[in-house]
Structure formats: C-alpha cells, structure tokens
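K.L.:
Structure provided below as structure tokens; questions to follow.
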Amino acid sequence: MATEESHKNRNNEIGKDLAVYLCLLALAAVQFVIAYQNIDASQMLIRMLTVAIVQAGLAVMFFMHLWTEKRGFVLCVLISTIFVLLAMQYGWTDSTRMVTGAPFSKS
Amino acid sequence: MTEANLTMGGQESSLTGLGPAFSIPTKKLAMWLFIIADTMTFAACLVAYGFVRNGSANWPRPFHSITNVALMTFILLTSSLTMLIGLRAARAGDKAAAFRWTMITAAAGILFGVLHVREWIGLIGEGMTLFHNPWGTPLFGASFFSITGLHLTHVTGGVIALIVVGIRYKSGRYNADDIEVLGLYWHFVDLVWMFVVPLVYLLNLAH
C-alpha cells in the first residue's frame with residue numbers, strides 16, 4: 001500500500017512537471033511567432049524578453065524547485081540576481097550614441 | 001553526520017551558535033551560488049552583445065530558417081523534463097530508472113551539441129568567422145560564436161557530468177541529492193538557452 005501510494009505521488013509530481021514543460025514549449029512557440037510579426041525591433045525585443053522572463057520564472061520555481069526552499073534563501077537568490085542584472089543596464093544610452101558617431105557626451 | 005546534512009534540520013553551528021540561515025545542503029548551496037555567478041556571466045555577455053548590436057549601423061540578419069533552432073530548443077527543453085523524471089525516480093529509490101533517465105538526458109545534450117556544431121559548420125562555410133562575416137560588421141561573428149560557444153561549453157560540461165554522476169550514482173557512490181544538484185545545473189543551461197534564442201537568433205532573422 002505504501003509502495004502504491006508513493007507510486008501515485010510520483011505520478012502526480014511527474015504530471016506537474018509535464019504541465020510546466022508543456023507551458024515552456026508553448027512559450028517558446030510564442031517567441032517564434034513574435035519573431036515573424038511585423039513590428040518595430042524594440043517592441044519585438046520587449047515582447048521576447050517578457051516571454052523569456054516568464055519561462056525563466058517557471059523553470060527556476062518549478063524545475064529547479066526554488067519555490068520549495070526556505071523563503072530567506074529564495075529572497076537572497078532573487079534579490080542578488082535581479083539587482084546585478086538591473087545594474088548591467090547602465091550603458092544603453094552610450095550604445096545608441098555610438099550609431100551617430102559622437103565620441104563624447106555633450107553634457 | 002554527512003557533509004550534505006551539515007546545514008539541515010536547524011542544527012546550530014558549533015562556531016557561531018547560530019542556526020542555518022537557509023537550511024539547505026552544502027552541495028546544493030554551492031551549486032546555487034555557482035548558478036548565480038554564471039547567470040551574471042551570461043547576462044554580461046548578452047548585454048555586451050546587445051550594446052554592440054544597438055551601436056552598429058550595419059548589423060546583419062542572416063538567419064533564414066528557424067528549423068534547426070526550434071529543434072535544438074525542443075531537445076533542450078525535453079532534456080530538462082527527462083532530468084526531472086530521473087530525479088523523481090532517484091528520490092523514489094528506483095536506481096535503474098534514475099540512471100536510465102539521466103543517460104537519456106545526456107544523450108539529448110549530445111544531440112543538441114551535434115546540431116549546434118552542424119549549424120556552426122554551415123555558417124563558417126558561408127564565410128562567417130570570429131573576425132569576419134560577409135554580411136556586415138565583423139562583431140556579428142565574434143558575438144555569435146562567443147555567446148553560443150560559451151553556452152555549448154556549458155552543455156558539454158553538463159553532458160560529461162551527467163555521465164559521470166549517473167555512473168557513480170548507479171554504483172552507489174552518489175545518492176539522489178547529487179542527482180538533484182546536477183539537475184539544477186542542467187536546468188540552468190536550459191534557462192540560458194531561453195534567452196540566447198530570442199536575442200541571438202530570432203532578433204537576427206532575415207525578413
């Protein structure tokens with residue numbers, strides 16, 4: 001009976017994993033659809049990044065089981081990672097300035 | 001007391017007298033710290049790629065077909081699922097099934113690598129290298145091969161680890177915790193690919 005119950009639990013968990021996997025596949029398909037839309041490059045980037053972030057969230061929470069860890073650990077991982085990722089976005093205005101050829105900031 | 005259990009179960013440290021902050025096995029914590037560090041590395045590479053792409057007037061868009069990329073994405077996502085199934089089997093004590101699914105994951109990783117190298121050979125045949133490409137700025141070749149090469153290196157390392165850990169798990173040297181820690185790494189490799197595909201491939205599709 002204990003073996004049957006553990007087998008049933010294992011099947012339920014694999015069912016959940018399968019559901020998350022199918023969501024990830026669907027989101028990947030959405031990214032491919034976005035790639036062929038007739039939209040501005042910046043819009044395309046925003047939409048694709050949004051989908052990628054949702055995919056990453058699903059993978060981290062369910063495939064990597066971060067949601068089952070202690071809350072302090074989850075916060076530590078998320079806050080440190082997101083902080084550094086946001087801090088990397090500092091120089092985008094410099095990249096657009098490169099296109100016009102201006103070597104130095106005018107201010 | 002095994003090393004894996006050192007920080008489990010609210011045991012106080014003999015050095016500090018404090019309980020564990022995260023209640024997580026040492027190996028798993030080490031893998032998470034590595035994953036966080038590697039996330040920064042890949043993010044830096046992708047941001048640098050975005051920077052040069054944004055700042056280049058003649059950035060090429062040479063990818064005509066998405067079939068290969070779609071297939072590679074499917075294989076890598078499926079390998080994450082097979083890794084999870086292997087972990088569930090390991091947790092349930094089914095050693096044979098856990099080993100089988102771990103080897104299937106490794107095989108998927110090898111298939112991904114083969115498709116990737118085949119794509120590279122096709123692009124090199126068209127004239128694209130680290131320092132040159134026939135369609136525009138040479139930075140395109142440099143950034144493409146650097147980012148995809150870094151990812152492929154991670155996949156290759158993961159495949160080797162899957163084979164070694166799988167064999168040692170089967171022989172009884174490793175346990176289900178080790179399969180879980182390796183699974184974390186493999187899911188991370190898949191997660192990075194979810195960002196590489198739209199930024200490096202899909203944004204450079206020829207319309």
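The values are calculated or read from the model by the stated rules, or taken from the named source; none is laboratory data. Treat the numbers as computed from the prediction; the structure is a model and nothing was measured. So basically every Cβ, Gly included, is an ideal-geometry build from the backbone, and we count neighbours across all protein chains shown.
K.L.:
I'd like to verify a number: residues in segment B:58-75 that are assigned to a loop (DSSP other than H, G, I, E, B) and either in contact (Cβ under 8 Å) with a residue 24 or more places away in the chain or in contact with a His (Cβ under 8 Å, 6 or more places away or on another chain) (or both), how many? Don't jump to the end; show me each part of the working.
P.N.:
Within segment B:58-75, the first condition is being assigned to a loop (DSSP other than H, G, I, E, B), and the residues that meet it are B:58-62, B:64-66.
Adding the requirement that they be either in contact (Cβ under 8 Å) with a residue 24 or more places away in the chain or in contact with a His (Cβ under 8 Å, 6 or more places away or on another chain) (or both) leaves B:58-62, B:64, B:66.
Qualifying residue count for the region: 7.
K.L.:
Given the options B:M83, B:M72, B:M103, name the one that is within 19 Å of B:N204 (Cα to Cα) and among the aliphatic types (A, V, I, L, M). Spell out the reasoning first.
P.N.:
Details: B:M83 fails: within 19 Å of B:N204 (Cα to Cα); B:M103 fails: within 19 Å of B:N204 (Cα to Cα).
Answer to the check: B:M72.
K.L.:
I would also like to ask the following. Which ranges mark the helices (runs of 4 or more DSSP H) fully within segment A:19-103 that have 2 or more residues being β-branched (V, I, T), without any contact (Cβ under 8 Å) to a residue 60 or more places away in the chain and closer than 25 Å to B:H187 by Cα?
P.N.:
Numbers: elements: A:41-58, A:71-87, A:92-100.
Those helices (runs of 4 or more DSSP H) span A:41-58, A:71-87.
Here's the yes/no breakdown for (1) more than 25 Å from B:R118 (Cα to Cα); (2) aromatic (F, W, Y); (3) within 22 Å of the chain's Cα centre (by Cα):
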{"residue": "B:W135", "(1), (2), (3)": "no, yes, no"}
{"residue": "B:A142", "(1), (2), (3)": "no, no, yes"}
{"residue": "B:S171", "(1), (2), (3)": "yes, no, no"}
{"residue": "B:L184", "(1), (2), (3)": "yes, no, yes"}
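K.L.:
So, of the residues in segment B:24-65 that are hydrophobic (A, V, I, L, M, F, W, C) and more than 25 Å from A:V77 (Cβ to Cβ), which turns out to be surrounded by the fewest Cβ atoms within 10 Å (Cβ to Cβ)?
P.N.:
Of everything passing the filter in segment B:24-65, B:A57 is surrounded by the fewest Cβ atoms within 10 Å (Cβ to Cβ).
K.L.:
For residues in segment B:76-92 being of a type in the set (G, A, S) and more than 9 Å from chain A (Cβ to nearest Cβ), which is farthest from the chain's Cα centre (by Cα)? Full working, then the answer.
P.N.:
Start the filter on segment B:76-92 by keeping residues that are of a type in the set (G, A, S), which leaves B:79-80, B:86, B:89-90, B:92.
Within this subset, residues satisfying the condition of being more than 9 Å from chain A (Cβ to nearest Cβ) are B:79, B:86, B:90.
Working: B:S79: 11, B:G86: 17, B:A90: 21 Å.
Restricting to residues being of a type in the set (G, A, S) and more than 9 Å from chain A (Cβ to nearest Cβ), the top hit is B:A90.
K.L.:
For A:Q43, only one of the following conditions fails: (1) surrounded by fewer than 11 Cβ atoms within 10 Å (Cβ to Cβ); (2) more than 10 Å from chain B (Cβ to nearest Cβ); (3) at pLDDT 85 or above. What is its number?
P.N.:
It fails just one condition, (1).
K.L.:
Let me ask you something else. Name the single residue, out of those in segment B:175-207 being at the interface with another protein chain (Cβ under 9 Å from one of its Cβ atoms) and of a type in the set (D, E), that is nearest to B:I66 (Cα to Cα).
P.N.:
B:D190
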